[in-house]
């Protein structure tokens, strides 16, 4: 217990980490024997953690999000959730992670949430990360992927009303997590799960036969499963946070469901009664679960992921000391070229549902006097938890190269999360941008951007901001918020 107090503000030596692990074993035995885990002094110097959750399954027929078509719900396989983990360190610094079963949270919604959290609870943008699993069996939100869907007045009204409800529900959810702040211990570990496949380098139709032959699949992947366990002083598990880099697109039917992350969370909560399981999509922009398209496979992948989390929990978990620093930046990402009116006129006449709807909407904006920006504000977070855990949060559909790069550059204990704050578009690495294709080529129109491609320096800009923010939090400087 004293290890947590004495080492709260210093980098642990191998010896001190060994002492912490020994103390953790002792604490576990104290819990088994029914004795108090910590003294009053140790509790005062511990993490404070609060957990909350709320059902977000629509009660009305909001269409399912994604896949570029009208998809009217026909029921539910299981409920959809939004969950929050609030953390406060020994010095009173706070941060809140929100996870959700949404396909994508647009800036027009998340900005309202961040404003409400600042006004009601005094939380700044650097203190809140709003993640979404990118589940394609979840509901539409606001203007996310607006041109994916045919325009129907009744549906647009349902989406507006549902989005308004989710803004208020999210703000209340964070308040509930803050109200639940109580002493806790944080332990992190790592598992492995292998069903994610690089979809750029492996044809979906070929994958089953390749697997049957034992033939190696091609392309970069990130099969790591980072895990964080939140334990109360009585030994109970309050929350299990875990991540994986893969699209939740096993299913494409019309039924509400959290896809493989939903099944994994349900299984963990059944195995750990009273806990809240929370999923973050790390950098799965170019990764798919393959093969796919059946509920049986979806359950199978959920089980595999839950098993990987369980293996990590049964392994050598590392204590995370109660010290928290956070930083945030909006980094402008340039478009290669802003679309011209002439190009829009051509696209509007195409027999291409999504692109023609996009072009018509863009032309209407131009005719009303809107000037298109040449860049987009990209959200980047960096959170340091103790000396053991670094969380990098990045907007939208980041490809796997970002996770592989930053984990190599910043070392063990690094979590690299995509799908945070804003469902902007695909975020290619320099490699993927150079190769082109769906994730790296001219697909920005699908996300409503006034351009077709990002500029080729996109990875350089993002990496420069990530490195700057990580230096800031590791130098223990004052928290910052630059926008």
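The values are calculated or read from the model by the stated rules, or taken from the named source; none is laboratory data. None of these values were measured; they are calculated from a predicted model. Heads up, the Cβs are rebuilt from the backbone with ideal geometry, glycines too, and the neighbour counts pull from every protein chain shown.
Points worth noting:
- Qualifying residue in segment 60-81 (condition: modelled with pLDDT under 65 and either over 30 Å from residue 446 (Cβ atoms) or in contact with a strand residue (DSSP E or B) (Cβ under 6 Å, 6 or more places away or on another chain) (or both)): no
- Residues (closer than 14 Å to residue 168 by Cα and surrounded by 20 or more Cβ atoms within 10 Å (Cβ to Cβ)) located in segment 115-129: 117
- Matching entry among 130, 114 (being under 26 Å from residue 276 (Cα atoms) and either in a strand (DSSP E or B) or not assigned by TED's automatic domain parsing to the domain that holds residue 298 (or both)): 130
- Enumeration of residues in segment 128-174 that are out of contact with any helix residue (DSSP H, G or I) (no Cβ under 8 Å at 6 or more places or on another chain) and within 21 Å of residue 95 (Cβ to Cβ): 129, 131, 132, 169, 172, 173
- Residue in segment 347-365 that is under 25 Å from residue 190 (Cα atoms), at pLDDT 95 or above and in a helix (DSSP H, G or I) present: no
- The C-beta contact set for segment 305-321 (first residue outside the structural domain of residue 193 (by TED's automatic domain parsing) and in contact (Cβ under 8 Å) with a residue 40 or more places away in the chain, second residue surrounded by fewer than 19 Cβ atoms within 10 Å (Cβ to Cβ) and assigned to a helix (DSSP H, G or I), distance under 6 angstrom, 6+ apart or interchain) is empty.
- Scanning segment 238-258 for residues that are in contact with a helix residue (DSSP H, G or I) (Cβ under 6 Å, 6 or more places away or on another chain) and within 16 Å of residue 296 (Cα to Cα) gives 248, 250, 251.
- Which listed residue, of 438, 419, 445, 426, is at pLDDT 95 or above, out of contact with any helix residue (DSSP H, G or I) (no Cβ under 8 Å at 6 or more places or on another chain), crowded, with 21+ Cβ neighbours inside 10 Å and farther than 16 Å from residue 331 by Cβ: 419
- The requirement of being under 17 Å from residue 247 (Cβ atoms), under 16 Å from the mean Cα position of the chain (by Cα) and in a loop (DSSP other than H, G, I, E, B) is fulfilled somewhere in segment 425-442, by at least one residue.
- Of all the numbered requirements in (1) under 28 Å from the mean Cα position of the chain (by Cα); (2) surrounded by 15 or more Cβ atoms within 10 Å (Cβ to Cβ); (3) not in a strand (DSSP E or B), residue 325 misses one, and that requirement is (3).
- For the residues 46, 84, the requirement of being at pLDDT below 95, farther than 20 Å from residue 158 by Cβ, in contact with a strand residue (DSSP E or B) (Cβ under 7 Å, 6 or more places away or on another chain) and buried (at least 22 other Cβ atoms within 10 Å of the Cβ) singles out 46.
- Residue within segment 78-94 that is without any contact (Cβ under 8 Å) to a residue 60 or more places away in the chain, closer than 21 Å to residue 276 by Cβ, assigned to a loop (DSSP other than H, G, I, E, B) and assigned by TED's automatic domain parsing to the domain that holds residue 301 present: no
- Residue match in segment 328-346 (condition: at pLDDT 95 or above and more than 26 Å from residue 456 (Cβ to Cβ)): yes
- Subset of segment 285-302 (residues that are under 20 Å from the mean Cα position of the chain (by Cα) and either more than 19 Å from residue 417 (Cβ to Cβ) or outside any loop (DSSP other than H, G, I, E, B) (or both)): 287, 288, 289, 298, 301, 302
- Failed item, numbered, when residue 436 is tested on (1) assigned by TED's automatic domain parsing to the domain that holds residue 397; (2) in contact with a strand residue (DSSP E or B) (Cβ under 8 Å, 6 or more places away or on another chain): (2)
- The lone exception for residue 151 - which of (1) in a helix (DSSP H, G or I); (2) surrounded by fewer than 18 Cβ atoms within 10 Å (Cβ to Cβ) it fails: (1)
- Residue match in segment 274-290 (condition: modelled with pLDDT of 95 or more, loosely packed, with under 14 Cβ neighbours inside 10 Å and in contact with a strand residue (DSSP E or B) (Cβ under 6 Å, 6 or more places away or on another chain)): no
- Residue match in segment 396-409 (condition: more than 18 Å from the chain's Cα centre (by Cα) and either crowded, with 20+ Cβ neighbours inside 10 Å or outside any strand (DSSP E or B) (or both)): yes
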